[in-house]
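Peer 1: Following this message is one structure expressed as structure tokens.
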Amino acid sequence: MPALSPTMSQGNIAKWRKKEGDKIEVGDVLCELETDKATLEFESLEEGFLAKILVPEGSKDVPVGQPIAITVEDAENIQKIPSSLGSGSEGEGQKTSHQDVGRLEKVEGKSSIKINSSDLPHVVVEMPALSPTMNQGNISKWRKKEGDKIEVGDVICEIETDKATLEFESLEEGYLAKIVAPEGSKDVPVGQPIAITVEDPETIETVKTSVGSSSEVKKEEVTHHDSKNEVGEQKSGFKRISPSAKLLIAEYGLDASSIKASGLHGTLLKGDVLAAVKSGKASSKISSSHDKGTSSPQTQPKKSAPALLESKSSLLQLDSFEDLPNTQIRKVIARRLLESKQGTPHLYLSSDVILDPLLSFRNELKEKHNIKVSVNDIVIKAVAIALKNEPEANAYWDATKGEIILCDSVDISIAVATEKGLMTPIIRNADQKSISSISSEVHISLFNDLHFGLVKQLAEKARTGKLAPHEFQGGTFSISNLGMFPVDHFCAIINPPQAGILAVGRGNKVVEPVIGADGIERPAVVTKMNLTLSADHRVFDGKVGGAFLSALRSNFSDIRRLIL
């Protein structure tokens with residue numbers, strides 16, 4: 001039974017959404033729980049099969065931390081679960097001890113960590129999946145230290161996921177016996193052990209000793225754990241290689257296996273390669289071919305590494321650059337944008353809109369009604385109304401079914417630049433909200449001099465990495481705004497699984513013929529802004545894209561229709 005709120009100490013099983021034997025994916029709702037606050041959905045953090053329901057539907061006052069179900073990775077292991085598990089004598093009801101569940105962890109024959117004292121009650125804390133797309137995370141900070149008492153709901157550590165930095169709360173009480181993945185550990189896979197807790201404080205030292213010295217602890221499963229010992233024991237060879245080290249090795253034709261690695265987790269660093277080159281200890285890949293005399297006129301022998309280093313020093317300043325490690329967010333952004341650009345057929349449609357009606361409307365709201373909104377707030381509303389009027393543009397491509405799915409709501413994702421990468425907080429049901437309501441949720445500067453407003457809730461949460469999953473997952477359409485920079489026009493990359501993103505440039509004053517109230521055409525100064533739609537061509541054809549931009553232009557030309 002999880003702690004779904006800080007004050008929750010027990011809960012009721014309102015409804016099981018999965019039945020025994022069902023396949024479970026990450027993010028699937030297992031059951032509905034009545035807490036002390038509300039009825040919430042309990043989502044699975046791992047994939048597998050629901051082998052045994054220990055606490056049936058309708059059970060009341062189940063204590064937090066009590067086992068309510070058992071899952072297995074392989075379907076054939078379902079039959080290995082004892083049928084009597086969870087059943088007790090009359091009056092005891094369906095109770096299952098932690099020791100029973102602990103023994104069941106060995107059913108699949110692949111326990112993450114083995115401890116010599118097999119009867120010692122302990123819980124292996126694994127890296128959780130804190131978002132549906134998360135497959136690894138970084139230990140940003142440990143909020144508890146070894147030996148500390150842990151209550152249900154206590155924050156054990158802060159984990160940097162592929163989306164944000166989130167707090168990992170304990171689902172059980174006990175004592176933190178051993179931190180397996182120290183603070184600062186990077187790219188820890190979901191499901192890999194990060195700590196061990198015990199119920200009895202007297203067993204803390206026994207667990208620490210067992211884990212630290214037991215030969216039963218698998219070497220490959222404690223990668224990232226005892227980094228200082230790993231670095232000290234790593235005499236030669238490497239497990240990973242940094243990009244700059246790889247570049248130097250290729251540049252100078254070195255044999256990487258001859259270079260000692262000194263980086264964390266056995267990583268071969270740039271400094272290791274430079275040190276080997278300067279000391280002359282690095283061997284060349286082509287040395288064996290020279291010894292055999294197999295070099296041909298087409299393959300000229302390379303200079304020795306020290307000579308190469310000396311001859312190229314004037315062209316390449318090896319110490320003039322620095323490796324900057326990427327955050328989890330930036331890694332995921334890089335991967336997803338590459339997949340989008342390679343796998344989504346992008347269609348680009350561009351149009352200019354006149355901003356003067358929008359700017360006049362904004363000034364009127366400020367001067368007459370004391371309502372302060374940004375240009376971007378009005379752009380969000382204009383896009384939302386255009387999507388509502390052209391529902392075929394508010395859709396996405398379902399690759400599994402091979403068909404277009406129309407979205408029921410208009411949820412606008414707004415690109416916000418943060419130190420850790422690009423985040424996309426969402427204005428849900430934006431077509432149904434007033435401009436002032438949208439403004440209270442998010443604000444992003446659009447033009448250099450047109451406005452500077454307060455940083456609102458979602459943008460501030462995005463910049464500090466505190467967005468909750470429901471605030472950045474989903475969305476039916478995106479807006480990317482570079483109007484605060486001297487950018488007149490650009491094409492954005494679609495944010496999957498969405499099918500459209502609107503790139504907004506800055507406003508520029510231009511002179512063009514304008515028809516006045518008397519019907520006479522005269523030159524006038526107007527403010528124009530470029531809008532470029534990047535669309536998934538599987539969803540948008542020219543007709544749908546053109547209709548959407550046409551509806552959007554109408555919203556800019558008659559801005560008052562947005563308040564109807």
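Peer 1: If packing is taken as the average number of other Cβ atoms within 10 Å across a peptide's residues, how do 177-188, 65-76 rank, most packed first?
Peer 2: 177-188, 65-76
Peer 1: Running Debye on region 334-432 with equal point scatterers at the Cα sites and no solvent, what base-10 log of I(q)/I(0) appears at q = 0.17, 0.23 Å⁻¹?
Peer 2: For the requested q values the scattering log ratios are -1.07, -1.38.
Peer 1: Report the extension gain between ASP323 and GLU151 in nm, rounded to one decimal, defined as 0.36 nm multiplied by the number of residues separating them, less their alpha carbon distance.
Peer 2: Values: separation 172, 0.36 × 172 = 61.92 nm, distance 4.04 nm.
Using 0.36 nm per residue and subtracting the Cα-Cα distance, I get 57.9 nm.
Peer 1: If each residue of separation counts as 0.36 nm, what is the full-extension length gain between THR400 and GLU202 once their alpha-carbon separation is subtracted?
Peer 2: 65.9 nm
Peer 1: Something else about it: How much length is gained on full extension from ARG561 to SER434, taking 0.36 nm per residue of separation minus their Cα-Cα distance?
Peer 2: Numbers: separation 127, 0.36 × 127 = 45.72 nm, distance 1.19 nm.
Stretched out fully, the ARG561 to SER434 stretch lengthens by 44.5 nm.
Since every read-out is calculated from the coordinates, none of them should be taken as a lab result. Worth saying up front: this structure is predicted, and the values here are computed from it rather than measured. Don't worry about glycine lacking a Cβ; one is built from the backbone with ideal geometry, like all the others, and counts go over all protein chains shown.
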